[in-house]
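Trainee: I have a structure here, written as structure tokens, and I will follow up with some questions on it.
Computed from the coordinates by the stated procedures, all read-outs in this text should not be read as laboratory data. All figures in this text were calculated on a predicted structure; none of them were measured in a lab. Because the Cβ atoms are built from the backbone with ideal geometry, glycine has one as well, and the counts that use them run over all protein chains shown.
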Amino acid sequence: MPTSWGMGLRLGASDPQGLDWSAYAGLIKHPYTIEMIVTPDSVGTYAKLFETDDTMDQGWYYRNGFQAYPNAPVTNSAIISGTRHYFTLVSKDVSTIDVYFQGAKIGSTAASFIAPPSAAVFFRDDSFTSRNERLSGIVEAVRISNVSRTPAEIGAVQAHLDAVFPNDPATLALLELNGNVLDSSGNGRSPILLGGTFEPTSWGMGLRLPNTDPQGLDWSAYAGFLHPPYTIEMVITPDSVGCYAKIFGINDASDQGWYYCNGLQPYPRGTAVMSTGITAGTRHYLALVAKDVSTVEVYFQGVKIATTTTPFTTPPVGAILFRDDSTTIRNERLRGIVEALRISSVSRTPTEIAAIQAHLATRR
Ligand SMILES: [Ca+2]
Ligand SMILES: [Ca+2]
Ligand SMILES: [Ca+2]
């Protein structure tokens, strides 16, 4: 069925289910790594992930965590149903594995088998328990490797899974904000972090604005790129959308810029952009698509809601995000969390913007 990464294998309705890779089980010898991306419907009772003998109860299960039965479970409070799990099982020797969850190591355990195993069956319960310990959920992808994947490699896969925006040659800067403000486009255009902290979100991490000054990001070193065509895309969950909360400014001492003000306010030159969906406490995907030096199209949740006037002369002299200016005593302060930001050298198309919204919609 369709998933945020193409399609996945839906399991749980009946037996037989799962995948039999036994023809190649002999390849699973130390060092090996097995990675799987699973969104389970339940993690509470036994749900089998991997076995090396279809008649035996031994193997890997969900059981309020990850369990290489009959060994003690490796628990983690984030292993819950209905969310996507990236598990990485890395061999330490022929009978022991390190367990990684969402890109980070959460424990080590005996592996339930001595590598290489005689069989390799994924996502099917054994006949010993009458095939009742059945995984229900969606499997997104599986990778089996003949090396011990490194923490850096595993972290990179997780970062890929958590990416809101794809990277491409038109990307000027790409900030996923998953614990840092590094530009992951490869262009090296990271902003200065003026203030904020990082906290877990459904797409990795986001920048929590502290509601004290200084806060936000300073991208002024690259403001000269903001000459049409360009697009600024932001994913923000604001605590308030009341007047005024600054999103983007051109100068630390200038009141001009983009604000929340019930809707969006391109102050002082444009007209307010209103949408009933622009409310506090919900995640907003905003795309500001510059068409020419004075015209900007505003997209909200993947849909164009207005065409208005750019509130400043382009290119701006600076580019300060999520911090109010000194003119209004820094009181027009945005509160909330910023999930990701992309700045592009093109006018992103309605199709591109709708695709980002569809991708975002796969996680609340
Ligand atoms: Ca079983
Ligand atoms: Ca202001
Ligand atoms: Ca993020």
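Trainee: Can you give the Rg/Rh ratio of region 133-263, where Rg is from the C-alpha atoms and Rh is the Kirkwood radius? Could the numbers behind the result be given before it?
Mentor: Working: Rg = 18.3 Å, Rh = 17.5 Å.
Ratio value, two decimals: 1.05.
Trainee: Suppose each label sits 7 Å from its Cα in the direction of the beta carbon; what would the Thr282-Thr349 distance come out to in nanometres?
Mentor: Calculated label separation equals 2.8 nm.
Trainee: Using only C-alpha positions, report the orientation-averaged shadow area of the convex hull of region 162-360, nm², one decimal. All intermediate terms of the calculation are to be shown ahead of the outcome.
Mentor: Details: hull surface 36.4 nm².
Projected area, direction-averaged: 9.1 nm².
Trainee: Here's a follow-up. How many nm is it between the label spots at Lys291 and Ala159, if each spot is 7 Å from the Cα in line with the beta carbon?
Mentor: 3.7 nm
Trainee: Using Cα pairs closer than 8 Å and at least 6 residues apart in sequence, work out the relative contact order for region 86-162, in percent. Mind dumping the intermediate values first?
Mentor: Details: 81 pairs, mean separation 20.2, N = 77.
Relative contact order for region 86-162 comes out at 26 percent.
Trainee: While we're here: Taking only C-alpha pairs under 8 Å that are 6+ residues apart, what is the relative contact order of the chain in percent? Can you show the working numbers first?
Mentor: Working: 971 pairs, mean separation 59.0, N = 364.
Once divided by the residue count of the chain, the mean separation gives 16 percent.
Trainee: As an exercise, use a Förster radius of 35 Å and the Cβ-Cβ distance of Val94 and Leu182 to find the FRET efficiency, rounded to the nearest 0.05.
Mentor: Working: r = 39 Å, r/R0 = 1.10.
After rounding, the FRET efficiency stands at 0.35.
Trainee: Moving on. Treating the beta-carbon of each Lys and Arg as +1 and of each Asp and Glu as -1, no other charges, what is the dipole magnitude of the chain about its Cα centre, to the nearest 20 debye? Before the final figure, lay out the partial values.
Mentor: Values: 27 positive and 33 negative charges, 79 e Å.
With only Lys, Arg, Asp and Glu charged at Cβ, the dipole is about 380 debye.
Trainee: Percent relative contact order of region 2-160, based on C-alpha pairs within less than 8 angstrom and at least six residues apart?
Mentor: Details: 408 pairs, mean separation 58.3, N = 159.
The value is 37 percent.
Trainee: Can you compute the radius of gyration and Dmax for region 1-116, using only the Cα atoms, both in Å?
Mentor: Reported Rg and Dmax, both Å: 13.9, 37.
Trainee: Okay, next question. Restricting things to alpha carbons, find the Rg to Rh ratio for the chain using the Kirkwood radius for Rh. Could the numbers behind the result be given before it?
Mentor: Numbers: Rg = 24.1 Å, Rh = 22.4 Å.
A ratio of 1.08.
Trainee: Given 0.36 nm per residue, what is the gain on full extension from Lys304 to Ser81 after removing their alpha carbon distance, in nm?
Mentor: On the way: separation 223, 0.36 × 223 = 80.28 nm, distance 3.45 nm.
Full extension from Lys304 to Ser81 adds 76.8 nm.
Trainee: Express in whole angstrom the spacing between the alpha-carbon centres of region 117-196 and region 280-316.
Mentor: If you average the Cα positions of each part, the centres end up 31 Å apart.
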